[in-house]
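Written below as structure tokens is the structure these notes are about.
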Amino acid sequence: MTPLNLAAGFAVGIVVFVVFFLVVMTYNAIVALRQRIDKAWANIEVSLKQRHDELPNVVAAVRGVMAFEQSVLEQVVRLRAAWSPDQPVRQQAATSEATTTAVRQLFAVAERYPELRSQENVQALQAEIERLEGIIADRRELYNDSVYRYNTRIAQLPAVLLASLFGWTPRPFFAVDPADRQRPEVTLSTATPGPTA
């Protein structure tokens, strides 16, 4: 072997090693990002399930007192029934946002009833739902940040060259489609006056 052949073989070996190293490092980084997304999504689902489980308690606690605002209660019950962990991320996001809005509406209406404000169980349920709403918001932010990092990474070199080979596709954000951003319609019955504060 001539020194030129040795140098060419060595150069090819280095290039192959560098390419292999980049592929392995990129693959491992993407796997880690995908795992973070899956973990963040699992955390969101836990919080959504906890809220889903608490909503019947809230509705039951205020149902008798809020006889004139049945539409508000029905909206919360309908949205609770609409949630399913098997739905696509965007549909779960729309249902979650609508449920949050309906629950806030329920609490706003409940504020007009002094007998509800004085009941400790209603106050405790309201505090628990508000705590869960905060957790959902925090976890949604973490999930969306992880999705952003993953989507950005697979769109950059060298991952973009490997994306089709490994089946890496962008993940959806936990966000509502613009068409679904309308607030749920909640009408408050005013035919019979409610209690005054």
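The values are calculated or read from the model by the stated rules, or taken from the named source; none is laboratory data. None of these values were measured; they are calculated from a predicted model. So basically every Cβ, Gly included, is an ideal-geometry build from the backbone, and we count neighbours across all protein chains shown.
Go through Leu116, Leu162, Leu125 for me and flag whichever is of a type outside the set (D, E, K, R), farther than 26 Å from Ala82 by Cβ and part of a helix (DSSP H, G or I). Quick ask: steps written out before the conclusion?
Details: Leu116 fails: farther than 26 Å from Ala82 by Cβ; Leu125 fails: farther than 26 Å from Ala82 by Cβ.
After ruling out the rest, the residue left standing is Leu162.
Among the residues of the stretch 33-88, those identified as of a type in the set (Gly, Ala, Ser), modelled with pLDDT of 90 or more and farther than 13 Å from Thr99 by Cβ are Ala40, Ala42.
In the set (1) without any contact (Cβ under 8 Å) to a residue 60 or more places away in the chain; (2) among the acidic types (Asp, Glu); (3) in contact with an Asp or Glu (Cβ under 7 Å, 6 or more places away or on another chain), the condition left unmet by Glu45 is number (3). Ala155 fulfils the conditions (1) under 23 Å from Thr26 (Cβ atoms); (2) surrounded by 12 or more Cβ atoms within 10 Å (Cβ to Cβ); (3) modelled with pLDDT under 95 except for a single criterion, (3). Taken over the stretch 52-105, the criterion of being outside any helix (DSSP H, G or I) and either closer than 25 Å to Ala42 by Cα or touching a strand residue (DSSP E or B) at 6+ places or on another chain (Cβ under 6 Å) (or both) is satisfied by Trp83, Ser84, Pro85, Asp86, Gln87, Pro88. Quick check: anything in the stretch 9-22 part of a helix (DSSP H, G or I), more than 23 Å from Ala127 (Cα to Cα), within 13 Å of the chain's Cα centre (by Cα) and not aliphatic (A, V, I, L, M)? Scanning the stretch 9-22 turns up no residue that is part of a helix (DSSP H, G or I), more than 23 Å from Ala127 (Cα to Cα), within 13 Å of the chain's Cα centre (by Cα) and not aliphatic (A, V, I, L, M).
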